[in-house]
Amino acid sequence: MPARNTGPKLLVTGFGPFPGAPANPTEALMGTLRAEPASTFGAGALETAVLPTEFAGSWDMLRELYADFAPDIVVHFGLSLRAEAIHVERVGRNRADPDKPDAAGQMPSSGRVLGSGPDALPATLPVEEIVEKLGAAGVAAALSDDAGAYVCNATLYRSLHANAAPRVGFVHVPPVGQAGFTEARLAEAASIILSATTAKR
Ligand code: PCA
């Protein structure tokens, strides 16, 4: 009998460059994760994507992915230039900085991600467990209640608002070379994070 893929359908995303960040480590990270079989992370199917760091363009791409792949779990990764640890985001907020142009030179006009919608939506990943498992592996990690007011926060907020999957969350990573983080260390951290999300019943 052919082996049946069991386990949840896992969608993992990173971002391309944006003003102030000519290289985004989460783009390289997607290349590394894509080379692995889904079973490495306890998933039945794995899809990865690199989103443009654009308020509109990122959502256009995600909407298609959600319709085509129908994920059970969505883990977004993004770069935080100031982070000294992996930040597992606990909440997406309905706010968008009108003074910070995205990679397409566009800025949100209203200060909000969506005109309607609650001020905050909680991430639905097992965030505490993820931070615990990272800590146990010696990876600097912390919970965060502030995903910013740029494209990353907007992505988390919109995915949660759209009920894109039963489990949705966002992880900010530091730049490579900051606080001892290397590409390999980020890949190791991502693997721990993804396995923690699929292991949760
Ligand atoms: N970081 C930005 C957007 C893309 C990314 O990787 C952010 O934190 O909003």
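Residue selection: GLU64 satisfies the criterion of being over 25 Å from GLU188 (Cβ atoms) and charged (D, E, K, R). Selection of region 112-134 for residues being under 19 Å from the mean Cα position of the chain (by Cα) and of a type outside the set (A, V, I, L, M) yields PRO122, THR124, PRO126, GLU128, GLU129, GLU132, LYS133. Exactly one residue out of GLU128, GLU64 is within 18 Å of ASP145 (Cβ to Cβ), out of contact with any Lys or Arg (no Cβ under 6 Å at 6 or more places or on another chain) and open to solvent by 60 Å² or more (accessible area, probe 1.4 Å): that is GLU128. Filtered by the rule that a residue be modelled with pLDDT of 95 or more, more than 16 Å from the ligand (Cβ to nearest atom) and open to solvent by 60 Å² or more (accessible area, probe 1.4 Å), region 3-31 gives a lone residue, LYS9.
Looking across region 42-77 at every residue that is assigned to a loop (DSSP other than H, G, I, E, B) and within 13 Å of the ligand (Cβ to nearest atom), the one that is farthest from the chain's Cα centre (by Cα) is identified as GLU54.
Filtering SER109, SER195, SER80 for residues that are under 27 Å from ASP60 (Cα atoms), open to solvent by 10 Å² or more (accessible area, probe 1.4 Å), over 13 Å from the mean Cα position of the chain (by Cα) and among the polar types (S, T, N, Q) leaves a single hit, SER109.
Within region 137-149, does at least one residue satisfy the condition of being open to solvent by less than 20 Å² (accessible area, probe 1.4 Å), under 28 Å from GLU64 (Cβ atoms) and within 13 Å of the ligand (Cβ to nearest atom)? Break it down stepwise before answering.
At the first step, the residues of region 137-149 found to be open to solvent by less than 20 Å² (accessible area, probe 1.4 Å) are 139, 144, 147.
Subset that is under 28 Å from GLU64 (Cβ atoms): 147.
From what's left, within 13 Å of the ligand (Cβ to nearest atom): 147.
Looking for residues that are open to solvent by less than 20 Å² (accessible area, probe 1.4 Å), under 28 Å from GLU64 (Cβ atoms) and within 13 Å of the ligand (Cβ to nearest atom), one finds at least one in region 137-149, hence yes.
The values are calculated or read from the model by the stated rules, or taken from the named source; none is laboratory data. All figures in this text were calculated on a predicted structure; none of them were measured in a lab. Backbone-built Cβ (ideal geometry, glycine too); neighbour counts: all protein chains shown. Accessible surface areas use protein heavy atoms only, side chains included; no ligands, DNA or RNA. Shrake-Rupley method; radii C 1.70, N 1.55, O 1.52, S 1.80 Å.
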